[in-house]
Amino acid sequence: MLRRLAPVLLTLVVVALGVTALTARPEQGSPRPRADYVVLVGMAGLRWDDVDPEHTPTLWRMARDGSIGSLSVRSAHRPTCPVDGWLTLGAGNFAAWAGNRQAQVCPPGQVTVEQPDSIGANLPDQEAQVLHNQERLPWGTVPGALSESVRCSVAVGPGAAVAAARPFGRVDRYAPALPADPAELLGSCVLSIVDLGTVTGEDPTLRAEAVRAADADLARVLAARPPQSLVVVAGISDTEQPSRLHVAVADGPGWERGWLTSASTGREGYLQLVDLAPTALAVLGRPMPERLFIGQPAAPVEGRPADLATAITAPADADREAGAQRRVADGFFVVVAVVQVLLAIAVLPLLRRARRHAGVGRAPVPRRVVAVVEVLLVAAALALPAALLADLVPWWRGEHAGWYFAVVTAAVLAAATTLVRLAPGYAATLGPLGVVAALATLVVGADVLTGARLQLNGVIGYSALQGGRYAGLGTVGLGIFVGGSLLTAGWLAQRVRRAWRPMVMVSVGGLAVVVVGSPYLGSDSIGAIALTAGVSVAAAISAGGWLTVSRLAWASMAALAVTVGFAVLDLRRPATERGSLGRFLAALGDGTGGLTVHRSSTANVETLTNSPLTVLALAGALLVWFALLQPWGGLKRLFGIYPAMRGAMAGTAVAALVGGLLSGAALDVAGAAGALVVPMAALAALRVLDHSADRTQPVGDRPQDAVPAAGRADGGAVASTAGGRGAGASTAGAGGAGASTAGGRGAGASAGVSPP
């Protein structure tokens, strides 16, 4: 009876852990400061390395007294050109200006602004821009949503007119340039948007001249600001490729000497361009057009260094790291994919010749060659965790950042591989697999527990320039963590009695679900749901047997239960506190859920065709299916002897595929998981095949005929004892070795049966 109830009980445990992880939320901070007026000042292209006491004294004083951060200027076009940035600011959502433009190039900012009277202005192209963003782009953006949310707004300059224009094109108050005394203009409406020009190019002299002129205008704005006002200065856009992080400064009552952050980034010191519109409305106490805004209000947090020069070093360094990450990441993943494919090809002849047939057949590969290949497989599996650890060293600050990263990663990889090679139990069949899986899990888990600082702008993480994620567990990190945690769970489960194995899988896997899904840690609800399904699959078959329809159904029910439980609780929260699942369900309720589905499917297609991790996923799948799972491949034999490892690998496949597809990452999660799991599966298969013909020593045999079993305590080899009776090899190619006991009875290892 208990055995029949075990899947139900395990499912309930996993569901409880998953829902607990997803629904626990950090406490909200202090109430957001309020103001009577908001002035948004934009300087397209302004970066933190442009700010210093000499050329920008006004901005320097403002940053010293206010809160600062790095601004990601993502829009619906890449790069975000100035006109795209202004349009996105006014929409509170990712927007792009329609028109003929070359890819990756910003056109001249020719915006037509008509002034039919002396008060306001009109943008004749605004209605066309609204239609373009509504019908041609997947975000459902409404340009002018910010101005529609206030009674009246002021625009100074053509860029500001783009941001302040209502959807039908009207600008309430407009001045083509900043007046000598702008006090009356800035005090005429609760919201003012000011365009202070563009800082472009890489020539230091030209940039210094541009920022000096803009800083002088900023001084007049600050001198004329209305009482009880918040002034926000933002580097509103890029001006050319490559994209950069830009300046964000907020100065007003309650915004003193802190870091800027928002719920959309979840990271101290980081804002998105789409956060500025909801920030303005929140500060003014105006209701949000929640269905139209994708950003979240900004807020100041403590912890900034008292010295401004020291504080500015952090966002400036983040900009350098993000730029170097973009240049290095693609090349690194290409190299990893090529090396793993070549290594998979090299393993094939070793698999063919690894199985010994009691001295009959082709001569086995020399031990030294096998040992070298095993070390290479360990190194290949540790390549991604080593690259994550490389971010402990500031390699991006050098002139040749790519070479520095390669050297640091190679050094870390060599050290990690040596550690695995010298670890106790390396000679055991599952020894390297267990140590590698534990190391990978420890590296990613420790990073997540300490704030995921290595993943932000890291080669193995996510870039603030992309604007997809700023905190928690990234796509590649999720793949590594899923594969590492489930392999670790399988390795531990294999070391206990059969009846306890599902509980070990659930215990380790449940902790992994908490790490992935908790908003305090990984903050990935989709990843937690996917991992729940994987843990359920792994637990169901860890004691033996294959993935049947009923077991797959239990796993699906577990994932569905976590999803439903979290969704019910998430929908009960205020709209600004909901997770991605709650926002999606709310969008389904108001008829805009199709936009989310369209964005996710588009992201899957783009990632599938452009990511090197797709090659890793496909190459790993081909090696497993056409080699390792063949009768000569050894993986079936491995699964027969170690059913917990079969559960771990099956669970990894389920979790990685579900997590990637639901999050719009296509095969990236599977590729990252495969980069860890497939080399270890190949190594374990080689070792199992190497001992496929081992026998215990029959009574009366000569000592030299016995096969030694030193170091094979996990069942990968045969342990012979005095008076022992030989145990036959497994049937149907699934068994691996027999273990004779002192009592003289051999234990056969057959499919689904593990040595005690």
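Screening 299, 316, 329 for residues that are closer than 27 Å to residue 231 by Cα, open to solvent by less than 20 Å² (accessible area, probe 1.4 Å) and touching a residue at least 40 places away in the same chain (Cβ under 8 Å) leaves exactly one candidate, 316. When 635, 629, 661, 676 are checked against the criterion of being without any contact (Cβ under 8 Å) to a residue 40 or more places away in the chain and among the hydrophobic types (A, V, I, L, M, F, W, C), a single residue qualifies: 629. Residues that are without any contact (Cβ under 8 Å) to a residue 24 or more places away in the chain and over 16 Å from residue 487 (Cβ atoms) within the range 415-425 comprise 415, 418, 419, 422, 424, listed in sequence order. Within the range 240-262, the only residue that satisfies the criterion of being closer than 16 Å to residue 89 by Cα, touching a Gly at 6+ places or on another chain (Cβ under 6 Å) and not hydrophobic (A, V, I, L, M, F, W, C) is 246.
Beta carbons closer than 6 Å, at least 6 apart along the sequence or on distinct chains, pair a first residue in the range 255-268 that is hydrophobic (A, V, I, L, M, F, W, C) with a second that is open to solvent by 70 Å² or more (accessible area, probe 1.4 Å) for 259/268.
Okay, residues lined up against (1) touching a strand residue (DSSP E or B) at 6+ places or on another chain (Cβ under 6 Å); (2) over 30 Å from residue 354 (Cα atoms); (3) of a type in the set (A, V, I, L, M):
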| position | (1), (2), (3) |
| --- | --- |
| 366 | no, no, no |
| 370 | no, no, yes |
| 373 | no, no, yes |
| 377 | no, no, yes |
| 380 | no, no, yes |
| 391 | no, yes, no |
| 394 | no, yes, no |
| 401 | no, yes, yes |
| 405 | no, yes, no |
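Is there a residue in the range 144-153 that is farther than 28 Å from residue 263 by Cα and open to solvent by 10 Å² or more (accessible area, probe 1.4 Å)? Within the range 144-153, not a single residue is farther than 28 Å from residue 263 by Cα and open to solvent by 10 Å² or more (accessible area, probe 1.4 Å).
Scanning the range 382-401 turns up one or more residues that are surrounded by fewer than 24 Cβ atoms within 10 Å (Cβ to Cβ), farther than 19 Å from residue 267 by Cβ and touching a Lys or Arg at 6+ places or on another chain (Cβ under 9 Å).
Going by the conditions given, is residue 453 among the basic types (Lys, Arg), open to solvent by 10 Å² or more (accessible area, probe 1.4 Å) and either in contact with an Asp or Glu (Cβ under 8 Å, 6 or more places away or on another chain) or in a loop (DSSP other than H, G, I, E, B) (or both)?
Numbers: among the basic types (Lys, Arg): yes; open to solvent by 10 Å² or more (accessible area, probe 1.4 Å): yes; either in contact with an Asp or Glu (Cβ under 8 Å, 6 or more places away or on another chain) or in a loop (DSSP other than H, G, I, E, B) (or both): yes.
So residue 453 passes the test.
Just to be sure before I move on: is residue 647 over 18 Å from residue 429 (Cα atoms) and open to solvent by less than 10 Å² (accessible area, probe 1.4 Å) in the structure I sent? Taking the combined requirement at face value, the residue does not satisfy it.
Yes/no matrix, rows are residues, columns are (1) among the small types (Gly, Ala, Ser); (2) surrounded by fewer than 24 Cβ atoms within 10 Å (Cβ to Cβ); (3) closer than 22 Å to residue 189 by Cβ:
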site	(1), (2), (3)
212	no, yes, no
217	no, yes, yes
228	no, yes, yes
231	no, no, yes
234	yes, no, yes
239	no, yes, no
245	no, no, no
280	yes, no, yes
283	no, no, yes
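For the range 179-207: of the residues being aliphatic (A, V, I, L, M) and buried (at least 21 other Cβ atoms within 10 Å of the Cβ), which is farthest from residue 227 (Cα to Cα)? If we take residues in the range 179-207 being aliphatic (A, V, I, L, M) and buried (at least 21 other Cβ atoms within 10 Å of the Cβ), then 199 is farthest from residue 227 (Cα to Cα).
Scan the range 422-430 and tell me whether some residue there is farther than 24 Å from residue 508 by Cβ and among the aliphatic types (A, V, I, L, M). Show your work before the answer.
First, pick out the residues of the range 422-430 that are farther than 24 Å from residue 508 by Cβ: 422, 427.
Add one more test, that the residue is among the aliphatic types (A, V, I, L, M), and what stays is 422, 427.
Scanning the range 422-430 turns up at least one residue that is farther than 24 Å from residue 508 by Cβ and among the aliphatic types (A, V, I, L, M).
Residues satisfying the criterion are absent from the range 17-31 (criterion: crowded, with 19+ Cβ neighbours inside 10 Å and at pLDDT 70 or above).
With respect to residue 451, is the statement that it is without any contact (Cβ under 8 Å) to a residue 40 or more places away in the chain and either of a type outside the set (Gly, Ala, Ser) or touching a strand residue (DSSP E or B) at 6+ places or on another chain (Cβ under 6 Å) (or both) true? No; evaluated as a whole, the condition is false for this residue. Hey, does the range 459-475 have a residue that's without any contact (Cβ under 8 Å) to a residue 24 or more places away in the chain, out of contact with any Gly (no Cβ under 8 Å at 6 or more places or on another chain) and open to solvent by 10 Å² or more (accessible area, probe 1.4 Å)? Taking every residue of the range 459-475 in turn, at least one turns out to be without any contact (Cβ under 8 Å) to a residue 24 or more places away in the chain, out of contact with any Gly (no Cβ under 8 Å at 6 or more places or on another chain) and open to solvent by 10 Å² or more (accessible area, probe 1.4 Å). Taking the criterion of being open to solvent by 10 Å² or more (accessible area, probe 1.4 Å), without any contact (Cβ under 8 Å) to a residue 60 or more places away in the chain and within 32 Å of the chain's Cα centre (by Cα), the residues of the range 131-143 that qualify are 132, 134, 135, 136.
Between 294, 312, the distinction of being β-branched (Val, Ile, Thr) and over 20 Å from the mean Cα position of the chain (by Cα) belongs to 312 only.
Can you name every residue in the range 360-381 that is part of a helix (DSSP H, G or I) and either surrounded by 15 or more Cβ atoms within 10 Å (Cβ to Cβ) or small (Gly, Ala, Ser) (or both)? It would help to see each step written out before you state the result.
Step one: of the range 360-381, the residues part of a helix (DSSP H, G or I) are 367-381.
Selection gives 370, 371, 373, 374, 375, 376, 377, 378, 379, 380, 381.
On the stretch given as the range 69-88, residues that are closer than 18 Å to residue 158 by Cβ and either assigned to a strand (DSSP E or B) or hydroxyl-bearing (Ser, Thr, Tyr) (or both) total 3. In the range 118-130, is there at least one residue being among the polar types (S, T, N, Q), part of a helix (DSSP H, G or I) and open to solvent by 30 Å² or more (accessible area, probe 1.4 Å)? No, because not a single residue in the range 118-130 is among the polar types (S, T, N, Q), part of a helix (DSSP H, G or I) and open to solvent by 30 Å² or more (accessible area, probe 1.4 Å). Scanning the range 650-669 for residues that are within 12 Å of residue 614 (Cα to Cα), aliphatic (A, V, I, L, M) and open to solvent by less than 20 Å² (accessible area, probe 1.4 Å) turns up 665, 666, 669.
Identify, from the list 485, 542, 518, the residue that is buried (at least 24 other Cβ atoms within 10 Å of the Cβ) and at pLDDT below 90. Criteria check complete, one pass: 542. Checked against the criteria, residue 435 counts as more than 20 Å from residue 336 (Cα to Cα), among the β-branched types (Val, Ile, Thr) and at pLDDT 95 or above.
Of all the numbered requirements in (1) farther than 26 Å from residue 460 by Cα; (2) touching a Leu at 6+ places or on another chain (Cβ under 6 Å); (3) of a type outside the set (Ser, Thr, Tyr), residue 381 misses one, and that requirement is (1).
The values are calculated or read from the model by the stated rules, or taken from the named source; none is laboratory data. This structure is a prediction, so every number in the text was calculated from the model and none was measured. For neighbour counting, all protein chains shown are included, and Cβ atoms are generated from backbone atoms with ideal geometry for every residue, glycine included. SASA here: full protein model, heavy atoms, side chains in, ligands and nucleic acids out. Shrake-Rupley method; radii C 1.70, N 1.55, O 1.52, S 1.80 Å.
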